[in-house]
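The values are calculated or read from the model by the stated rules, or taken from the named source; none is laboratory data. Model, not experiment: these values are computed from the prediction. In this analysis, Cβ positions are derived from the backbone assuming ideal geometry, glycine residues included, and neighbour counts consider all displayed protein chains. We work out accessible area using only protein heavy atoms, side chains counted, and drop any ligands, DNA or RNA first. Shrake-Rupley method; radii C 1.70, N 1.55, O 1.52, S 1.80 Å.
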Amino acid sequence: MASLATAEVCDSNASVLASGDLRVLHPVFQIYGQNRTFSGPIVTVKVFEDNVLVRELLETRGEGRVLVIDGGGSLRSALMGGIMGQLAQNMGWAGIVVNGCIRDVDEINECSIGVRALASNPVKPGKKGVGEKHVPLHIAGTLIREGEWLYADSEIELSV
């Protein structure tokens, strides 16, 4: 990923982009964390204003994977903060994409991972453990499937 920008990937794969095998997320995410560029196989989780399942996944070895969290686009509370950012870094996750909010932005920005989120919100999420892991997601105008690869740079996120 480091040697090829997402714009170049789109330019050189127009037919794959047109077929839907290469998908581009709508440009709605803010950039956080020290790594502006990251990539890896996708792990998915779907939650709503509850981050118990997010933490469970981040407590597993990341092995260079990217956690994609569908928080339903809620801006009412954060789904992860600085402690989870540090956990993700320590467990070897390459990055996290949050269709929702994060908190503790300064702490997350100190972590050596890439994070994308819609916004920040200081409100803590619920802790009921409700949601689904390892399911297809529809976020930012794009279908995201577990096991596909996500590539992110300063411009855009791609799922293939």
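At-a-glance table
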quantity: Residue under evaluation GLN89, criteria (1) free of Cβ contacts under 8 Å to residues at least 40 places away in the same chain; (2) open to solvent by 30 Å² or more (accessible area, probe 1.4 Å); (3) touching a helix residue (DSSP H, G or I) at 6+ places or on another chain (Cβ under 8 Å), criterion not met; calculated: (3)
quantity: Filtered residue count, segment 102-118, keeping only those that are of a type in the set (Gly, Ala, Ser) and open to solvent by 30 Å² or more (accessible area, probe 1.4 Å); calculated: 1
quantity: SER154 being open to solvent by 30 Å² or more (accessible area, probe 1.4 Å) and at pLDDT below 95; calculated: yes
quantity: Leading residue by the ranking (least open to solvent (accessible area, probe 1.4 Å)) among those in segment 28-40 that are of a type in the set (A, V, I, L, M, F, W, C) and closer than 13 Å to CYS101 by Cβ; calculated: PHE29
quantity: Spans of strands (runs of 3 or more DSSP E) in segment 72-160 with at least 1 residues out of contact with any Gly (no Cβ under 6 Å at 6 or more places or on another chain) and more than 30 Å from ASN13 (Cβ to Cβ); calculated: 78-80, 95-102, 114-120
quantity: Cβ pairs under 7 Å, 6+ apart, first in segment 136-152 and free of Cβ contacts under 8 Å to residues at least 60 places away in the same chain, second assigned to a strand (DSSP E or B); calculated: none
quantity: Flag for VAL43 being part of a loop (DSSP other than H, G, I, E, B), of a type in the set (A, V, I, L, M) and under 17 Å from ASN99 (Cα atoms); calculated: no
quantity: Some residue of segment 140-153 being closer than 21 Å to GLN34 by Cβ and either over 13 Å from the mean Cα position of the chain (by Cα) or among the hydroxyl-bearing types (Ser, Thr, Tyr) (or both); calculated: yes
quantity: GLU132 vs. criteria of a type in the set (D, E, K, R), exposed (fewer than 15 other Cβ atoms within 10 Å of the Cβ), touching a residue at least 24 places away in the same chain (Cβ under 8 Å) and within 15 Å of LEU57 (Cβ to Cβ); calculated: yes
quantity: Subset tally (residues that are touching a strand residue (DSSP E or B) at 6+ places or on another chain (Cβ under 8 Å), part of a loop (DSSP other than H, G, I, E, B) and not small (Gly, Ala, Ser)) for segment 1-33; calculated: 6
